[in-house]
Amino acid sequence: MPFRIVLTAPATELSLYNNNPLMAFSAAFSRPPLLGHRLLRRLLYQPVPRKGVRVAFATYGLRKLEAKLIEAGFDPSELAIVHPDDLEEAVSSETRILGVSSNDPLGAGFVSTTYAAMCGFGEPMTAYEFRYLMQRVADLRRRYHFTVVVGGAGSWQLLRYPNPYRKHIDCIVLGEGEGVIADLFSSILRGERPPPIIEAPPAPVEEIPAIQNPALWGGVQITRGCGRGCQFCSPTQQLRRDFPLERILQEVEVNIRGGSSMILVITDDVFLYHCYPGFSPNRDALLKLFSRIASVPGVRHIQICHSSLPPVLLDRKLVAELCELLIPYSPARLGGHPILLTEIGIETGSTRLIRKYMLGKPKPFPPEKWPDVVEEALRIMNDHDWCPVATILIGLPGETEEDAIATLELIDRISDLRVSLIPVLFVPEANCALRDATQMQLAALSDEQLEVFAACWRQNIRLWGPQFLCGGGLFRSVFRFALPYIIHMLYYIKHRRLYGSRIKRTLREIADAVRAVRCVASVRT
Ligand code: SF4
């Protein structure tokens, strides 16, 4: 079947990760030595199922673009979203446009910058798979002469850093594609040359159609944008939009009909959904939303992408009521009990940095109250089985020893809680307010910043170690025993040369935390 328009994304983005959306972050780690495409696809990012050559589940972003093109009159039979391994089959002399979407094409995002450096084995798997994809695109383009358009949340990286794929890309789209893709693709089909860069503004809700085919993990967007205005965050967050309930339910049904039993609620903060002024959550709207989603026949699991902390204090009852509603639908377990996982941004314990770079984050509370807001909100969430995964930003411009110590103090205050902490290095994304700031490197971290890193991972290992490192199975037993030695080996093989001897203490603390888990496990068994 010849397709005039073929859309694709790297293999790291077209996988269900064993039905665990949080595992998708693991692709930001360095590619383990000696593991090639085949093994990585078997072990980590198993390709999504296919229907013919088309993928059965695509990234939510690609599904939105597909829906926009169909809405604009493009023939769905001439359009296909395919896995990179199937490009040869999908592309032919009929193909006029190949669209590539990527969240992290050069491995330069917050998580990949941090964890590729921490692993020490070079490029993250996200960048490795984008290269594999672009090599295929380049080969096919030489044969068929189609136009290559690249977009997605990470397209800024291709303009900010040396771009080895420049000569294979005709047009890079920055921002939200829905507002521009139909005109752009129509003009290419008329034979016009696209501009090398298009900066797409945030699309109004009326211009964003419902997806027509299933997205990964049953993705359904309820809000887009945030409006709190953190200076390290992408500008697409500036304009907050809510999607109408009927359109959300339409997408739920599309996913369920397409074979998903999970609904991944995509939002930058669930509490923004039809919120009142001052970021005050709208309890009625949220309870109605989730009851309606849960009542769609076939929905077995519901997972919320992101939340924020201040609204928890503004309506304590809401967290309890959402827990009651959502716990029966939770796919996540901790210590054998169902929990509600959601991502949040703590970022720092320094009220100085909050005031300087994230004035909107604690709103309606003042920046000085941030550590109290974090602790109190997390305690309430934990009381109702919400166990968030929080990012901690290390190396914001001008972060001082005192700022890092304030973060350590905050981590200490919440160390008895069920919260995972993901430390990431500051990266100045191309279009954020801090775009001209210096990127933080692992080797440049101060002792206090390294201690923040270690403290976060001690907390994670304490929280999740018994679940992931203990229990039956030969692989887990061997891995639990070997992990501290692997960490030490990494230091001598890679980290000492790359980052100097100061990082030894950080790695030792992480290895010791793993050993502590092993001791608990052996007492239990
Ligand atoms: S609160 Fe989160 S999504 Fe909103 S601007 Fe800040 S970092 Fe971005």
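Just a yes or no: is a residue in segment 331-349 assigned to a helix (DSSP H, G or I) and either at pLDDT below 95 or more than 15 Å from Val270 (Cα to Cα) (or both)?
From segment 331-349, those assigned to a helix (DSSP H, G or I) are none; that's our starting set.
No; the residues of segment 331-349 include none that is assigned to a helix (DSSP H, G or I) and either at pLDDT below 95 or more than 15 Å from Val270 (Cα to Cα) (or both).
When Asp412 is tested against (1) in a helix (DSSP H, G or I); (2) of a type outside the set (Val, Ile, Thr); (3) not assigned by TED's automatic domain parsing to the domain that holds Asp385, only condition (3) is not met.
Given (1) part of a strand (DSSP E or B); (2) under 30 Å from Leu498 (Cα atoms), where does Val148 come up short, assuming only one miss? Of everything listed in (1) part of a strand (DSSP E or B); (2) under 30 Å from Leu498 (Cα atoms), Val148 misses just condition (2).
Scan segment 291-329 for residues that are among the hydroxyl-bearing types (Ser, Thr, Tyr), assigned to a loop (DSSP other than H, G, I, E, B) and touching a helix residue (DSSP H, G or I) at 6+ places or on another chain (Cβ under 9 Å) and report the count.
Residues of segment 291-329 that are among the hydroxyl-bearing types (Ser, Thr, Tyr), as a first pass: 291, 295, 307-308, 329.
Then keep just the ones that are assigned to a loop (DSSP other than H, G, I, E, B); that gives 295, 307-308.
Checking the rest, the ones that are also touching a helix residue (DSSP H, G or I) at 6+ places or on another chain (Cβ under 9 Å) come to 307-308.
Qualifying residue count, segment 291-329: 2.
This table checks each residue for (1) outside the structural domain of Ile503 (by TED's automatic domain parsing); (2) part of a helix (DSSP H, G or I); (3) at pLDDT 95 or above; (4) hydrophobic (A, V, I, L, M, F, W, C).
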residue	(1), (2), (3), (4)
Glu89	yes, yes, yes, no
Pro105	yes, no, yes, no
Ala117	yes, yes, no, yes
Tyr132	yes, yes, yes, no
Leu140	yes, yes, yes, yes
Leu184	yes, yes, yes, yes
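Anything in segment 21-52 that is touching a helix residue (DSSP H, G or I) at 6+ places or on another chain (Cβ under 8 Å), of a type in the set (A, V, I, L, M) and farther than 24 Å from Glu251 by Cβ? List them, or say none. Within segment 21-52, Ala27, Ala28, Leu35, Leu40, Leu44 meet the criteria.
Being surrounded by fewer than 19 Cβ atoms within 10 Å (Cβ to Cβ) and within 16 Å of the ligand (Cβ to nearest atom) holds for only one residue in Gln221, Gln212, Gln250, Gln238, and it is Gln238.
Just checking, does segment 383-393 include any residue being assigned by TED's automatic domain parsing to the domain that holds Cys230 and assigned to a helix (DSSP H, G or I)?
Applying the first criterion (assigned by TED's automatic domain parsing to the domain that holds Cys230) to segment 383-393 yields 383-393.
Remaining after also requiring assigned to a helix (DSSP H, G or I): 383.
So far as segment 383-393 goes, yes, one or more of its residues are assigned by TED's automatic domain parsing to the domain that holds Cys230 and assigned to a helix (DSSP H, G or I).
Hey, Ser501 hits all of (1) more than 25 Å from Pro371 (Cα to Cα); (2) in contact (Cβ under 8 Å) with a residue 12 or more places away in the chain; (3) outside the structural domain of Pro397 (by TED's automatic domain parsing) but one; which does it fall short on? Condition (2) is where Ser501 drops out.
Considering only segment 255-288, state which residues are more than 16 Å from the ligand (Cβ to nearest atom), buried (at least 20 other Cβ atoms within 10 Å of the Cβ) and of a type outside the set (Gly, Ala, Ser). Explain how you work it out, then say what you get.
Initial filter on segment 255-288 (more than 16 Å from the ligand (Cβ to nearest atom)): 255-264, 274, 276-277, 282-288.
Filter again for buried (at least 20 other Cβ atoms within 10 Å of the Cβ), leaving 255, 260, 262-264, 286.
Of everything in segment 255-288, those that are more than 16 Å from the ligand (Cβ to nearest atom), buried (at least 20 other Cβ atoms within 10 Å of the Cβ) and of a type outside the set (Gly, Ala, Ser) turn out to be Asn255, Met262, Ile263, Leu264, Leu286.
Condition test on Val374, is it hydrophobic (A, V, I, L, M, F, W, C), assigned to a helix (DSSP H, G or I), surrounded by 18 or more Cβ atoms within 10 Å (Cβ to Cβ) and within 16 Å of the ligand (Cβ to nearest atom)?
Details: hydrophobic (A, V, I, L, M, F, W, C): yes; assigned to a helix (DSSP H, G or I): yes; surrounded by 18 or more Cβ atoms within 10 Å (Cβ to Cβ): yes; within 16 Å of the ligand (Cβ to nearest atom): yes.
It is true that Val374 is hydrophobic (A, V, I, L, M, F, W, C), assigned to a helix (DSSP H, G or I), surrounded by 18 or more Cβ atoms within 10 Å (Cβ to Cβ) and within 16 Å of the ligand (Cβ to nearest atom).
The values are calculated or read from the model by the stated rules, or taken from the named source; none is laboratory data. Keep in mind that what you see is a predicted model, and the values were worked out from it rather than measured. Using ideal geometry, Cβ is built from the backbone for each residue, glycine included, and neighbour counts are taken over all protein chains shown.
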